[in-house]
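To start, the structure itself, in structure tokens.
Just so it is clear, none of the values below were taken in a lab; they were calculated from the coordinates. On a predicted model such as this, the values are computed, not experimentally measured, just so you know. All Cβ positions, glycine included, derive from the backbone under ideal geometry; neighbour counts span all protein chains shown.
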Amino acid sequence: MFYDIIGLKMGEIMKRIGVLTTGGDCSGLNTAIWRIMRGAKLRGWDVLGIIDGTDGLYATPPSVIELNDDVLPVENTRLSGSVLHNGHAGALNFETAATRGLLDNFNKKLYKSLHDLKLDALILIGGNGSLSLAWANREIYRDVQLICIPKTIDMDIPLTERTIGFDTAVEQLTRFCDQLMLTARSHHRWFVVQSMGRDCGELALNAGIAAGASAILIPEIKFDVKSLVQHIKNSPTDYGIIVVAEGISLRGHSGRAADMISRGLNAAGITNRTAFPEHTQRAGDTTASDRLLATAMADTALNAIENNETYVMVALENGKCKTVSLADFVAAGESVADPNIAELKTANAYVSPDDPLLEIAHDMGIYIGEIK
Ligand code: F6P
């Protein structure tokens with residue numbers, strides 16, 4: 001539907017919507033929030049930003065802010081983080097409430113807050129855990145339309161080709177490796193760079209290829225340290241980058257992924273250092289591609305509200321945004337038990353064995369593990 005700048009059209013229904021960001025932050029959140037705000041205003045709707053994710057709904061009174069161009073000016077929408085914040089460490093949330101036996105009360109309070117705020121719809125911008133939790137505790141949202149937008153640098157959400165924040169994270173990690181490559185060359189040595197991504201290798205795989213890494217180790221593919229050592233020893237250069245995803249494991253070893261691999265290289269006489277870009281992967285100015293994705297996802301979320309949809313997630317399929325049901329999202333993911341809540345399963349997606357990037361990496365002489 002097209003809107004003119006005077007907003008509400010004849011016959012349109014006035015709505016009051018809320019938006020919140022939850023889980024780990026990433027770049028692109030502010031673009032999504034701003035686009036939701038602008039698109040909603042064009043429709044003549046009110047938009048409340050909920051501060052600190054579910055913490056804001058748990059607060060009495062709920063912690064909210066009326067969203068407008070003063071709160072989030074366009075020039076700030078490229079910045080990482082979330083103008084609405086993502087929640088306090090240690091605050092009561094679904095997980096801590098469940099472990100303390102307080103989940104019922106927590107859910108009742110969230111339901112009451114949504115009711116008191118008189119929201120017609122809630123747009124929840126979250127990662128894998130947040131979306132799985134929203135579905136697991138869906139009764140809270142029974143009187144509002146719940147529309148989810150997937151964001152995460154981990155790219156571990158099923159049914160969508162992209163998540164907001166991933167492209168910027170790949171860019172950040174690639175730049176980090178680019179810088180290290182020069183000092184690596186000066187000192188004839190190797191850097192073992194540990195990426196984020198939890199138990200998904202997408203970030204390491206994409207940035208590793210982009211940066212010209214000599215090896216990329218991801219949780220989805222078995223690797224062998226002896227083969228890695230041989231590969232490095234046969235390298236045409238005596239320096240370079242080995243990207244290891246934080247989720248890899250090595251039998252008989254513990255500690256950080258990069259340290260485990262570094263020890264193996266040291267033992268074989270390969271001079272190396274470790275490097276940890278950590279949360280810089282979640283930061284950095286949002287790339288144009290992430291801004292476009294955030295804009296398209298915001299638009300699809302608003303259209304879903306107009307179409308009276310609920311319990312849906314916006315997803316990118318064949319380059320176009322659509323909605324899929326949250327039930328399908330949960331069913332499509334590989335169920336991973338939450339370490340804190342026995343009954344909660346997170347719907348993860350991983351690098352699939354037929355991902356074309358694996359073959360490309362292999363054909364380009366990158367050690368990617370023991371793939372055929
Ligand atoms: O899920 C996003 C993510 O950045 C992971 O890649 C990483 O393992 C984790 O969050 C870090 O969490 P925290 O911000 O609590 O250190």
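Ignoring chymotrypsin sites (Phe, Trp or Tyr not before Pro) that are buried or in helix or strand per DSSP, and keeping those with at most 15 other beta carbon atoms within 10 Å, what is the longest stretch of the chain between them? Can you show the working numbers first?
Values: sites that count: Phe2, Tyr3.
With chymotrypsin sites (Phe, Trp or Tyr not before Pro) excluded where exposed in loops, the chain gives 4-372 as its longest stretch.
Trypsin sites (Lys or Arg not before Pro) within region 187-277: which are DSSP loop residues with at most 12 other Cβ atoms inside 10 Å?
Working: sites: Arg189, Arg198, Lys222, Lys226, Lys233, Arg251, Arg256, Arg263, Arg273; in loops: Arg189, Arg198, Lys222, Arg251, Arg256.
Passing both the DSSP loop test and the Cβ count: Lys222, Arg251.
Test of understanding: what is the full-extension gain from Ala288 to His187, defined as 0.36 nm times their sequence separation minus their Cα-Cα distance?
Values: separation 101, 0.36 × 101 = 36.36 nm, distance 3.51 nm.
In short, 32.9 nm is gained.
For the chain, what is the calculated [θ] at 222 nm in deg cm²/dmol (nearest 500), taking -39500 (n - 2.57) for each run of four or more DSSP H residues and dividing by its residue count? Each step should come with its number before you reach the end.
Values: 12 runs with 133 residues, N = 372.
My calculation for the chain gives -11000 deg cm²/dmol from helical runs alone.
If you build the convex hull over the alpha carbons only and average its shadow over all orientations, what do you get for the chain? Give it in nm² to one decimal. List each step's numbers first, then the result.
Working: hull surface 77.7 nm².
Approximately 19.4 nm², given one-decimal rounding.
Kindly provide the GluC sites (Glu not before Pro) of region 10-82 that DSSP labels as loop, not H, G, I, E or B, and whose Cβ sees at most 15 other Cβ atoms within 10 Å. Show your work: numbers first, answer last.
Details: sites: Glu12, Glu66, Glu75; in loops: Glu12.
For GluC sites (Glu not before Pro) across region 10-82 that sit outside H, G, I, E and B with at most 15 neighbouring Cβ atoms in 10 Å, the list reads Glu12.
Using modelled backbone amide H atoms (1.01 Å from N, in-plane), which distant-in-sequence or interchain residues come within less than 5 Å of Arg43's amide H?
Under 5 Å from the amide H of Arg43 lies no amide H from a residue far enough along the sequence or on another chain.
So for Arg38, Arg291, fewest C-beta neighbours within 10 Å to most, what's the order? Could the numbers behind the result be given before it?
Values: Arg38 20, Arg291 23.
Ordered by Cβ neighbours within 10 Å, fewest first: Arg38, Arg291.
Find how many whole Å separate the alpha carbon centroid of region 315-372 from the alpha carbon centroid of region 134-188.
Cα centres, region 134-188 to region 315-372: 12 Å.
Could you give the length gained by full extension between Ala337 and His115, i.e. 0.36 nm per residue of separation minus their alpha carbon distance, to one decimal place?
Values: separation 222, 0.36 × 222 = 79.92 nm, distance 3.12 nm.
That works out to 76.8 nm of additional length.
Counting Lys and Arg as +1 and Asp and Glu as -1, what is the net charge of the other residues whose Cβ lies under 9 Å from the Cβ of His88?
Working: positive: none; negative: Asp52, Asp55.
Net charge in that neighbourhood comes out at -2.
Full extension from Glu309 to Thr280: what is 0.36 nm times the residue separation minus their Cα-Cα distance, to one decimal in nm? Provide the component values of the computation, followed by the final result.
Numbers: separation 29, 0.36 × 29 = 10.44 nm, distance 3.58 nm.
Here the answer is 6.9 nm.
Give the separation of the Cα centroids, region 233-251 to region 105-123, in Å.
Between the Cα centres of region 233-251 and region 105-123 lies a distance of 48 Å.
With a sphere of radius 11 Å drawn around the Cβ of Asp355, what net charge do the other residues whose Cβ falls strictly inside it have (Lys, Arg +1; Asp, Glu -1)? Let's see the in-between values first.
Numbers: positive: none; negative: Glu202, Glu220, Asp354, Glu359.
The answer is -4.
In the neighborhood of Asp238, defined by Cβ-to-Cβ distances under 12 Å, what is the net charge if each Lys or Arg adds +1 and each Asp or Glu adds -1?
On the way: positive: Arg185, Arg189, Lys233; negative: none.
Overall, the nearby charge balance is +3.
Restricted to Cα positions, what overall size does region 1-133 have along the principal axes? Three whole-Å values, descending.
50, 33, 25
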